[in-house]
Amino acid sequence: MKLILLGAPGAGKGTQAEIISEKYDIPTISTGNIIRAALKNGTEMGLKAKAYIDSGRLVPDDVVIGIIKERLSDTDCQNGFILDGFPRTIPQAEALDNMGVNVDAALSIEVDDREIVKRMSGRRVCEKCGASYHTEFKKPANDGVCDACGGKLVIRKDDEPDTVHDRLDIYHKQTEPLKSYYKTQDKLIIVEGQDKVSDTTELVLKALSEI
């Protein structure tokens with residue numbers, strides 16, 4: 001199975017990617033991770049990316065897609081893969097198609113913006129050990145104190161409400177149009193995210209079984 005994961009930040013894509021990866025025995029390919037790996041391994045595309053990064057410029061789409069194609073040629077991708085975090089825009093999706101990277105489906109996990117803000121802004125992380133909590137769904141025994149090490153629980157910059165709203169705005173403007181793009185190719189699958197992860201997983205796996 002060759003799959004693209006869509007969905008707003010905070011919609012639970014990462015968790016579902018892990019579950020799908022394990023069930024179908026296919027790797028999850030995160031753009032950031034493979035760029036770092038390409039830089040470390042000194043691949044041809046990795047060296048091209050390094051030139052941009054060293055000069056403080058964004059790595060252009062053609063180089064990113066080249067790195068993705070390098071990664072997809074690895075043996076663990078023979079039975080399929082999950083692309084998480086790419087494409088983010090229609091031009092990136094078109095470039096992916098033009099370079100012969102064909103996918104079976106684009107799975108979009110849908111969660112209301114208000115619910116996402118609640119989920120993300122309630123996250124708290126221990127500044128000492130990194131343990132994760134939530135003000136509603138996973139409360140520590142003592143407010144603001146890590147159960148594991150007694151460290152102070154803080155809210156990350158990425159989880160602050162203003163930041164979450166900004167990220168959602170970018171998603172709706174740049175990435176959400178991909179749903180229409182893949183719908184025209186008859187590859188779009190929409191799953192409504194549920195309050196319980198297990199319920200979302202059940203819907204996801206049912207949808208994928210019908211491909």
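The values are calculated or read from the model by the stated rules, or taken from the named source; none is laboratory data. The shown structure was predicted, so the numbers you read here are calculated from the model rather than taken from an experiment. Cβ coordinates were reconstructed from backbone atoms using ideal geometry, including for glycine residues, and neighbour counts include every protein chain displayed. Surface areas here come from the heavy atoms of the whole protein model, side chains and all, with no ligands, DNA or RNA. Shrake-Rupley method; radii C 1.70, N 1.55, O 1.52, S 1.80 Å.
Please list, by residue number, every one of the chymotrypsin sites (Phe, Trp or Tyr not before Pro) in region 129-209 that is coil in DSSP and has at most 14 other beta-carbon atoms within 10 Å.
Taking region 129-209 and a limit of 14 other Cβ atoms within 10 Å, the loop chymotrypsin sites (Phe, Trp or Tyr not before Pro) found are PHE137.
What percentage of the solvent-accessible surface of region 65-142, computed with a 1.4 Å probe over protein heavy atoms, is contributed by carbon and sulfur atoms?
43
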### Message
Using a 10 angstrom Cβ neighbour count of at most 10 plus a DSSP loop assignment to flag exposed trypsin sites (Lys or Arg not before Pro), which longest range of the chain is free of such sites?
### Response
58-195
## Note on the structure
Per the Kirkwood formula over distinct C-alpha pairs, the hydrodynamic radius of the chain in angstrom is 18.7
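What whole-number value in Å² describes the accessible area per residue of the chain for a 1.4 Å probe?
Numbers: 11830 Å² over 211 residues.
Counting only protein heavy atoms, the per-residue value for the chain is 56 Å².
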### Query
If you take all C-alpha pairs in region 74-142, what percent of them are over 17 Å apart?
65
#### Entry: Long-range tail of P(r) for region 116-211 (Cα pairs > 19 Å, %)
60
### Task
Run a plain Debye calculation on region 1-83 (Cα atoms as equal point scatterers, no solvent) and give log10 I(q)/I(0) at q = 0.15, 0.27 Å⁻¹, rounded to two decimals, same order as the q list.
-0.59, -1.23
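If exposed means no more than 16 neighbouring beta carbons inside 10 Å and the site is in a DSSP loop, what's the longest run of the chain without any exposed GluC sites (Glu not before Pro)?
Values: sites that count: GLU127, GLU136, GLU210.
My reading of the result: 1-126 is the longest stretch.
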